Structures are given as structure tokens and as C-alpha cells.
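Everything below concerns the one structure shown next.
The values are calculated or read from the model by the stated rules, or taken from the named source; none is laboratory data. Source: prediction; values computed, not measured. Here the Cβ positions follow ideal geometry from the backbone for every residue, glycine too, while neighbour counts run over all protein chains shown.
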Amino acid sequence: MKKLTLFFIGFICAAGILYGNENKITTVPLFRSCGIYFETADMSTPCVTEFQEKGSDKWEKALELMAIPTKEVGQFPLTKKETIYTDKAMFRGCIVNLKENTEYELRITQGENTSASTFKTWSTEVPAGKTINVKDLKFDDELIIIEKGSRDAWIKYTSDKGFVLKGNDKKNAVITVKGGEYIIFENLNLEGGARHGISLEGANNIRILNCDISGYGRIGKQDIKKDGKYYIENKIINNDAGVNIDKSGNIVIERCYIHDPRGHANSWKYSHPAGPNAVAVLSTGGTVLRYNDFIGSDAHRWNDTVEGIGNGLPKGGFYRDAEIYGNMFIYANDDGIELDGGQMNIRVFLNKFEGSLCGISTAPCLLGPSYLFRNLIVNLADEDGYGAAAFKNGHNSFDRGRCYVFNNTVYAPGGYGHYNNNKDEIAKYGKELRGITRNNIFYSSKELFSPSVFNRGNDFDYDLIFSKNSKLLKSTEENLKEKGWEEHGIFEKDPEFSSIEGGIFTLTEKSPARENGVSVDNFIEKQNNENPDRGAFQTGNSQVLPYRPIPVYLDKYQINFKFDFGKDVMSQTFNASVTGVEKFSEAFEIKKNNVFDWFTIEPSRGILNEKSNIRFKVSINKDKIKKPGFYRGLFLLKLENGYSRPVTVYAQTDGTEEIKKKSEQFALYIEAEKSSIPHPFNILDDSKASEGKCAYLDIAEKAMPLSYDFEVPQDADYQIFVRVKSEEPVGQHDSIFLSLDDTPKREAYLRSDIDWKWSGCGATTSLGTTAKPFSLKKGKHNIKFFPRETLFIDILLITNDYKVVY
């Protein structure tokens, strides 16, 4: 047995070659974890992986490494030359919960053979060789950096407090790094950039620390008739980013506030979202996102908060060896984060995801494994209020990578999302394990586990699974038990969170999720000789998510208002205190996006110290509430060093809904119960329907339609909208068959919910454009709705003015 020790802390290099029975260990440490790559000729004998701090005599067991077979995976790189990526045989995995700037010893035992290595985790502190104040530079709307520092002498760019480095819409970014290395950007306030705030192009070893980045990206014009995306010169606007990582490695983005892009992503009611990101990632490896606030808004929604570029390719997105922890991801029209791509040893932990369609996307995991643990995923909803899976897994590419999902807390419409369901690939690889879960809490209203999940290999157990929809919960339990999964799962028991309304998802003393989870080597251990809790929070631990290493605690992390439109509303309060330290003194300031002018917080700045217990007041500026509806916001209690506590603000302002809005163009409303031909469907009373009644489209009457005659005044493109609502699970009650002017009936997929919602009828697939118009000639027409799934229909609208609805 030959022992070979390799220590990688810089740029990720290509794997070595095995000869004979030699074993090779490659370690790729970051701040809090380390990727392990073990190449051996013996792929049949399992490995036992152990580690300890250097000089210690206590070895700790790591989670078992995943055995990777040799396989061909997709095409790469992103060039004109197409190359098949081959994933070579090896064992891969991670060690987590490590200390920064610490040396460790590693040993891997395989049968009678032991291989060993050492590694050292990254340090927060790096030596600066020279410091440059950007205020003193000659700045022509874009700072282009090509210089290189060194490991022992980084180049640091900083600025005076209050100084703003402003780009414009003519230059690509405020700061562009082309091939630069060992560079720090700290305490910068950047505004502008035609596409990006900071663009890293072929750069390595870059740290972006405590920066405020906003006002970047293109605006364009939305093309509703095409697909609802925003265009400039007939080109889609997409992936304008606060930080753009382009073929760059060992990048750290830390304690940054990225917000208020100039553009806006379309929602799924039009087509797949396209628009700005907080961060766009095409990494060569070694990406760290930690302690950041990526804050979108309904006025400036992210596409994905963090997007993987080339995300259907093995080297796309984060690719390999990434740490994503302690971040706030909020207000995207698609995913909180896309890990999509290779996903070799990607670690996502201690984050909070809120206000996006889906939480964490692993679609696809081509290489694997990825590790998703101790995250909080709550209140998922796009700008239309439509929420889906906390964990999104499906992609056009069939994936054979594995995802480990441990100790997450989900309070969202959807839980564990669908897989690629390619029958030929499932026949060959369907028994391979795609997902392994332990100790999660899934509290969902629409879908707990997608039906396609049951066609693949998984290992689900020790999760608490709950829904107030008893029918959904019962069917989910039956399906899981039929597969032999969730032997120790808990069903039909509310997890008993401390305060859903206050955004506190710790467990109460009577919670059924306490002290009955299972230990997972290196990820979650017994707590005071008791089994761990299920979910992201452990009893006796004061940790807040998103995790920040500060002793500042709030008694609320969510503020809720409900009031009548135009009326005065009482202020809300919350307290901030400092606990667990003898000495502490930090200046704080309340930060919020520019568009969150509809609420204020007092005091807006001050000092927090070890004796602090400050009461804050949150007030609604009713003059900024222009119409009834649901308002979403967020503010940061932000310390001068960049650490913060984010607090979500929701305001429901009630007023009379104007269902039949007028238009200066053509808008024809037809009550659903007024079919032009007899029909067998029930007409039901509903106080929230347009005229107090609605039609119930029952699938039992599949051959019969509702039929409506109408006339349009001129040749034009018209949208056909329906106001609908669904039974749960909504995903199984949100489509119809449609026939226009007696054409063959075709599927129409709708944007429905449990409450009344307008939807276009243009989508012919579940991912189609609901707002797609119909070209109609002047004169009389007929439209028929046939049942595909049971659905409630209130009213139809035929219009050439989409703004009546959207």
C-alpha cells in the first residue's frame, strides 16, 4: 500500500491517474468543510473515512463516501467543440462541521488497507500586500482589473464610508476582473453597470467582503405576445448579476447586501422566468457564498436568486467543491438557488430560503454528491403567490448524481419535488439511489413528495411529514410505506413550531419532532446523550437561520400586518438583544431595498452592546399603499461589520376586488355558469365568485363541455383568461381541454390555486406560456372547455388588453 498525501488549497486541478493498486487521495478544503476524492482500483470494498484535528488522539467518523462508477455524462465544455464528459470511477464525499484555519488528519480504511492525508481549512484572514482606495482612482465608469496579487500579498480595494462607486448603462460592469488573482474587494458601495455590479472573468482567488451592490442590469421592454420576457433589440434579458462568476475559481462572496437590480424577471404565468440574479455562477470550483443578504422584491424579482450558468452540463453552475451557508435568499420568480450541473461535493447549509417559487434546485445533479442540511425553507411564493417544491429535482437531463438531504425544516406549499422520468434511463439506472433523507420536517399544503419520485431509487427515513390536507397526507404516507421508505417517519402530527407568525421555527417542548431523530455521521450527532431533533433546529441551541456568528437575537423574524385599504393601521414592535457574551459593542443601521418605502422602522440606527434590549417600531406608510393586495418586504438590522439579522415584512390590505375591470380596448366578460349549450356540470354558490356563482368542471363528465359564444370587433391577437380555483393538491387540479372554433381539443394548463386566480389559457404544456394570445379574425367565435381535471371556473375574459389582468 502506497500512501500519497495531497493538499489543495488553491485552484482546483484535474484529478490524477491511477496505476495498478495505488490509491490517491485528493482533498479540497474550504472554510467549514472539505471535499474528499479517493481513487482506488478496488471499487467493490466500502471505505471507512475518519478525521481528527492534527495532534488530537480522537478520530471522528465521516459519512460514508459515495462510490462513483465510470460513466459518460453529457457534453462539455461550453464551446463549439462538443466533448463527452467522462466521470471516472472513485469514492467521493465530504467532511463537514470543521473549524476554519485548522489542520486536520484524514485516513481512509478499505479492508486491510489504510490511506492517509492531511489538509488545512481556509482562513478568514489573508495578508494584504497593498491597499487601494477606489475613491483615489481615475474611474471611467468601469474599473477593469488585470493585475495579480499572490498568496502572501493580496491586493485590497476599499473605499471611504459613504462613498459610492457609480457605473452607468454603457459599460458592462462597475468592476470587471479579467484574469486577476488574489484580490480583495471590501467595504465597497457599488451602483450601476449595464449588466453586472462585479464581473469576474477567468479570475481566481477573489474575495468580495461587506459590499453593497445595487442598481445594475438592463431594463428592456416586456413582450407579452411572445413569452412575457423582457427584451432589448429582440434579445432576452437574463442573468444580469450583482456578482457574475464566469469561469472563475476560489471565489468568496461574504457579508454582502445585493439588492434592487434595475430589471425584473417575468413569472411562470408567461414562460420560464428570465431576468436578474444576485449572483450568476459558472465556476471552476471552490466557490463560497456566506453570510450574504440577496434581497429581491416584487418590483424587481430575481429570476433565480443565485443561478447556475450552463446548468444542464457536468461543469455547469457551481460544478464542484462549494460552500453555501448563512445566506438569506428571497423574492425570486423561480428558484432560491440553482445548484444544477455537476454538483460534485456541493454543501448547502444553515441558510434561509423564502419568497421564491422553489427553494433549492438540484436539477440536474449529474455527478454528485450534493449535501443539503440544516436549511430553513419557508413561505415559498413567486410574485403571483404561487409556490412549489422546497427541493426541486427534475430536469430534461437524466441525472445519476446523489443528493443527501438532512435536518432541514420546510414550511412551504411543496416538499420534495419531481425527478426526470425518462423510462429508458429509469430501466437502466432507476435502482441507483438519487435521494437520501434523514430528520427533515416537511410541512406542506400542496404536494409532499412528487409522484415521479416513486419511480427512482431513494432512501427516505426519519422525516416528520405533515399537512393539514388529510387526504394528501394519507396518500403520501401510503405511497412511501409501499416503497418501504419512512419506516421511522412521523405522520399526522403537527411539528409544533414556536411561532410561525413570528418566523420562529424552533420546536416547542411538546413537539413530536424532538429527540427522536437519528444520528448521521459527522452531520448530526446526539445532543446531551439524547437523539437529535428532526428539522433544522436543535433543542438548547440558540442558533438563528440564516446563521450569522453574532450574539444579536430578535424576538420576531417576521412582521405581519392586516388592514383595510386606506385606513390607519397600528404599528408593530420587535425587540433586539445581545446575549451570551460579556463584552460587545457594534453600530447598527436599518437597511432596506429602495422599493420598500411602504414601511419604516424606528430607530433606524444606534449601538448594540452587551446590555442592549432595544424595542423597534415598524409602521406602515399608508400613502405608499396604492391599492388593495398582498405586499412583501424585508429589512436588515445590519451591523457595521456586515453581519445582519433579516426580518420579513408582510402586509395584507383588504378592499373590494374589482373582478370585471374596464379597459379602453376590448374586454368581454362571460360568466362561467352561462354556457351557450346545456351541460351536466354543477353550478355552485360562492360568495367570492363574480356574480356569486361558479361552474364545477367535473372529470366524471369528460365527454361534455361548457360552451361559450363570443364576438370580437377586429382582426387581432386576444388573450383568453379564466378565473379559476382548485382543490388540493393544486397540481392535480389545474388543467382543462380547450377547443376554439371546433378545432380538435387540446390541453390548456392553468395557473390556479386554492383561492380564485386569473389564468391565461395559452399554455399547451405544464411549462408553457399561459398568457400566450390567440389570433382571432373579426366576427363570431366559440370556445369550449372540457374537463381534464376537476376545477372551479368563475368567469371568462376575452381581451386584447392583457393589463386588465396582468
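Taking residues in the range 521-534 that are over 18 Å from H488 (Cβ atoms), and partners anywhere that are surrounded by 14 or more Cβ atoms within 10 Å (Cβ to Cβ) and charged (D, E, K, R), the pairs with Cβ atoms closer than 7 Å and at least 6 places apart or on different chains are N522/E60.
Are any residues in the range 420-457 within 17 Å of the chain's Cα centre (by Cα) and either of a type in the set (A, V, I, L, M, F, W, C) or closer than 20 Å to V73 by Cβ (or both), and if so, which ones?
Of all residues in the range 420-457, those within 17 Å of the chain's Cα centre (by Cα) come to 442, 444.
Within the range 420-457, just F442 meets the criteria.
The residues in the range 123-140 that are under 24 Å from G167 (Cα atoms) and assigned to a loop (DSSP other than H, G, I, E, B) can be counted, and the count is 4. The C-beta contact set for the range 280-298 (first residue at pLDDT 95 or above, second residue among the small types (G, A, S) and not in a strand (DSSP E or B), distance under 6 angstrom, 6+ apart or interchain) comprises V281/G317; L282/G310; R290/G326; Y291/G326. Looking only at residues in the range 415-448 that are charged (D, E, K, R) and surrounded by 17 or more Cβ atoms within 10 Å (Cβ to Cβ), which one is nearest to S519 (Cα to Cα)? This residue is R438.
Looking at F353, F318, just one residue is part of a loop (DSSP other than H, G, I, E, B) and surrounded by 24 or more Cβ atoms within 10 Å (Cβ to Cβ), and that residue is F318. Only one of the numbered conditions (1) farther than 30 Å from G633 by Cα; (2) out of contact with any Phe, Trp or Tyr (no Cβ under 6 Å at 6 or more places or on another chain) is not met by Y650, and that is (1). Within the range 688-697, the set of residues being touching a residue at least 12 places away in the same chain (Cβ under 8 Å), assigned to a loop (DSSP other than H, G, I, E, B) and under 20 Å from I754 (Cβ atoms) comprises K688, A689, S690.
Within the range 671-688, the residues that satisfy the criterion of being more than 39 Å from the chain's Cα centre (by Cα) and either closer than 22 Å to V804 by Cβ or of a type in the set (F, W, Y) (or both) are E673, K674, F681.
Just for the range 732-752: of the residues that are touching a Ser or Thr at 6+ places or on another chain (Cβ under 6 Å) and not in a strand (DSSP E or B), which one is farthest from S452 (Cα to Cα)? Taking the candidates together, the pick is K745. If you go through the range 221-230 one residue at a time, do you hit one that is at pLDDT 95 or above and among the small types (G, A, S)? Taking every residue of the range 221-230 in turn, none turns out to be at pLDDT 95 or above and among the small types (G, A, S).
Would you check if there is a residue in the range 514-529 being farther than 24 Å from R645 by Cβ, touching a helix residue (DSSP H, G or I) at 6+ places or on another chain (Cβ under 6 Å) and either outside any loop (DSSP other than H, G, I, E, B) or modelled with pLDDT of 95 or more (or both)?
Taking the range 514-529 first, the residues farther than 24 Å from R645 by Cβ are 514-529.
If we keep only those that are touching a helix residue (DSSP H, G or I) at 6+ places or on another chain (Cβ under 6 Å) too, we end up with none.
Checking the range 514-529: not a single residue is farther than 24 Å from R645 by Cβ, touching a helix residue (DSSP H, G or I) at 6+ places or on another chain (Cβ under 6 Å) and either outside any loop (DSSP other than H, G, I, E, B) or modelled with pLDDT of 95 or more (or both).
Give the range 693-731 a look and list any residue that's touching a strand residue (DSSP E or B) at 6+ places or on another chain (Cβ under 6 Å), among the polar types (S, T, N, Q) and at pLDDT 95 or above, or say none. Once the filter is applied, which keeps residues that are touching a strand residue (DSSP E or B) at 6+ places or on another chain (Cβ under 6 Å), among the polar types (S, T, N, Q) and at pLDDT 95 or above, the range 693-731 yields only S707.
If only residues of the range 698-724 that are small (G, A, S) and assigned to a strand (DSSP E or B) are counted, the one that is farthest from F737 (Cα to Cα) is A716.
Is it the case that G517 is outside the structural domain of P628 (by TED's automatic domain parsing), within 30 Å of E50 (Cβ to Cβ) and out of contact with any Lys or Arg (no Cβ under 6 Å at 6 or more places or on another chain)? Lay out the reasoning, then the answer.
Values: outside the structural domain of P628 (by TED's automatic domain parsing): yes; within 30 Å of E50 (Cβ to Cβ): yes; out of contact with any Lys or Arg (no Cβ under 6 Å at 6 or more places or on another chain): no.
Judged against the criteria, G517 is not a match.
To keep it simple, each residue is scored yes or no on (1) within 19 Å of F710 (Cβ to Cβ); (2) surrounded by 13 or more Cβ atoms within 10 Å (Cβ to Cβ); (3) free of Cβ contacts under 8 Å to residues at least 60 places away in the same chain.
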residue	(1), (2), (3)
L634	no, yes, no
Y643	no, yes, no
A651	no, yes, no
T656	no, no, yes
K661	yes, yes, no
L668	yes, yes, no
P678	yes, no, yes
D686	no, yes, no
